[in-house]
Amino acid sequence: MNKNKKQNLNQKTKIDAVRPVYRIHKHHLALKLIELALFVALFIISASAASASSISRDNIESQINKERTSRGIAPLKDNPQLDQAALTKSADMISRKYFEHYAYGLTPWDFIKRQNYDYLYAGENLAMDFDTSEGMVSAWMNSETHRKNILNPDFTDMGVGVVRGEYTDSKGTRETQMVTNMFAAPKPAIIRVFDNIVEKIKSVF
């Protein structure tokens, strides 16, 4: 073998020996990039799911307003008085073991009035035993009466009360999340003035 052929063979051998190392390195880098991309995607998805799915006032209100705005209906504003009315109703249902709009001589409107919210229109949705706000609002939307409350354009305000506790019914005793969703619109100022005049006249007679 002459010198030139031997030199070419050595060069070819060196090149062939290096190529597999380069390919393995490239393949390893690609896998790492894919793993990193999957990790980031899973982190974003899991963080988003954990936040959006939990039963909470903010998530429920967000889901309800999505249903309204997607149909061109104005979103509802969170109202602290209605939040407290809803929270009190949920706590009362957990405490006295009932799941009704009307019970123990009380109506939904009694809970609202106790918070000094002078309403013109009012409504109430109830739910329990749900794990996600999406599933709960979806169930409401599949019920004609609950859907009417959610999409009622006359309502301007809402409040949500979520109470976790032990609940007993025909299914047995279990931990659950009791949810009350109050909807309302306040009386216009002119009507409130008229109501005050009427009340004063009544007090005279």
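The values are calculated or read from the model by the stated rules, or taken from the named source; none is laboratory data. This is a predicted model, so every value here is computed, not measured. Heads up, the Cβs are rebuilt from the backbone with ideal geometry, glycines too, and the neighbour counts pull from every protein chain shown. Side chains included, ligands, DNA and RNA excluded: accessible areas come from the protein's heavy atoms. Shrake-Rupley method; radii C 1.70, N 1.55, O 1.52, S 1.80 Å.
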Review point. By how many nm would the segment from GLU175 to ASN116 grow when fully extended, if each residue of separation counts as 0.36 nm and the alpha-carbon distance is taken off?
Key: 18.1 nm
Point to revise | Cα gyration tensor shape of the stretch 79-131, rounded if a/c is under 1.5, else prolate or oblate by comparing a/b with b/c | key: prolate
Study note, to complete from the structure: With all protein chains present and a 1.4 Å probe, the order of ARG114, ARG57 from largest accessible area down is ARG114, ARG57
Review point. What trypsin sites (Lys or Arg not before Pro) in the stretch 130-185 are in a loop by DSSP, with at most 13 other Cβ atoms within 10 Å of the Cβ?
Key: LYS171
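Take GLU100, GLU67 and sort them by solvent-accessible surface of the protein heavy atoms, 1.4 Å probe, largest at the top.
Greatest to least solvent exposure: GLU100, GLU67.
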Practice item. For GLU134, GLU124, write out the residues from largest to smallest accessible area, computed with a 1.4 angstrom probe and no ligands counted. Key: GLU134, GLU124
Exercise for review: Note down the accessible area of TRP109, probe 1.4 Å, to the nearest 10 Å².
Suggested key: 70 Å²
Study note, to complete from the structure: Given backbone amide H placed at 1.01 Å from N, residues whose amide H is under 5 Å from that of SER54, ignoring those fewer than 5 places away on the same chain, are SER133
**Study point:** Reach of LYS171 by Cα under 12 Å, taken over aspartates and glutamates that are not fewer than 8 positions away in the same chain
**Key:** ASP129
